[in-house]
Amino acid sequence: IDTIVNAANESLMGGGGIDQIIHARAGDELKLECKTKYSPSCLKMKGSITYGNDELEYRCATGEAVITQAHNLSEKCQYIIHTVGPYLDENGNTQPELLSNCYNSCLQLAMENNLKSIAFPCISTGYYGYPIEEACRLALKIVKNFLHSHLNKQSSLRHIIFVIFNDLEFEIYKILF
């Protein structure tokens, strides 16, 4: 697999769930790269925030993505694409446009970097509370639309993998696929 997708928080410094696991396995070099490497999708904040022991001046916008080296995960993949998924809004509503942007941003980065394969978790369904069935349905729709829109263009992307974390996700993807 060329790249795995990390369902990150806006600091890109490791949070909970898959984000925490990826950061722990990739090592301190990943944290350093995330702290020092910013893409156009990262926004400069007014002032800085403290995250753990780190002073951060940037945050990654919801729906955007940043690519880094895989560091200690290099035997498994070359890169990690970090994307910030949406929480439910203040009224408990989903934000499908922002979740769609996550998948599109990741796929675009994979193409721009001539990657052949990408592995997605079900973004925003853990700590962020996005309904799993809606998120799975949206992920499949966005990937399908992306592939159709790039059919006649030269694309290196050949394999798109959905990583399934539990039986519920498996059953939902099985029904939808």
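The values are calculated or read from the model by the stated rules, or taken from the named source; none is laboratory data. In this text the structure is predicted, and so the values were computed from the model without any measurement. Cβ placement follows ideal geometry from the backbone for every residue including glycine, while neighbour counts extend to all protein chains displayed.
Data table
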item	result
Pair list, Cβ < 6 Å and 6+ apart or interchain, from the stretch 113-139 residues that are under 20 Å from S156 (Cα atoms) to residues that are charged (D, E, K, R) and part of a loop (DSSP other than H, G, I, E, B)	L115/D2; K116/D2; K116/R158; S117/D2
Complete set of residues in the stretch 150-162 that are surrounded by 10 or more Cβ atoms within 10 Å (Cβ to Cβ), of a type outside the set (D, E, K, R) and without any contact (Cβ under 8 Å) to a residue 60 or more places away in the chain	H150, S155, S156, L157, I160, F162
Tally, over the stretch 118-159, of residues that are in contact with an Asp or Glu (Cβ under 8 Å, 6 or more places away or on another chain) and β-branched (V, I, T)	3
Those residues of the stretch 88-119 which are outside any helix (DSSP H, G or I), out of contact with any Lys or Arg (no Cβ under 9 Å at 6 or more places or on another chain) and surrounded by fewer than 22 Cβ atoms within 10 Å (Cβ to Cβ), in sequence order	L88, D89, E90, N91, G92, N93, T94, Q95, N113, N114, A119
Positions within the stretch 128-149 being surrounded by 14 or more Cβ atoms within 10 Å (Cβ to Cβ) and among the hydroxyl-bearing types (S, T, Y), in sequence order	Y128, Y130
Residue check for Y79: within 15 Å of the chain's Cα centre (by Cα), closer than 14 Å to D2 by Cβ, among the hydroxyl-bearing types (S, T, Y) and buried (at least 19 other Cβ atoms within 10 Å of the Cβ)	yes
Every pair of residues 6+ apart whose Cβ atoms lie under 9 Å, when the first sits in the stretch 74-103 and is on the phi > 0 side of the Ramachandran plot while the second is modelled with pLDDT under 95	G92/G129
Matching entry among M13, M45 (being touching a Cys at 6+ places or on another chain (Cβ under 7 Å), at pLDDT below 90 and either crowded, with 19+ Cβ neighbours inside 10 Å or not in a helix (DSSP H, G or I) (or both))	M13
Complete set of residues in the stretch 167-177 that are loosely packed, with under 11 Cβ neighbours inside 10 Å and out of contact with any Leu (no Cβ under 9 Å at 6 or more places or on another chain)	D167, K174, I175
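Conditions tested, residue by residue: (1) over 22 Å from L176 (Cβ atoms); (2) at pLDDT 95 or above; (3) in contact with a strand residue (DSSP E or B) (Cβ under 8 Å, 6 or more places away or on another chain); (4) among the charged types (D, E, K, R).
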position	(1), (2), (3), (4)
G85	no, yes, yes, no
D89	yes, no, no, yes
P96	no, yes, no, no
S100	no, yes, no, no
L107	no, yes, yes, no
N113	yes, yes, yes, no
A119	no, yes, yes, no
I123	no, yes, yes, no
A135	no, yes, no, no
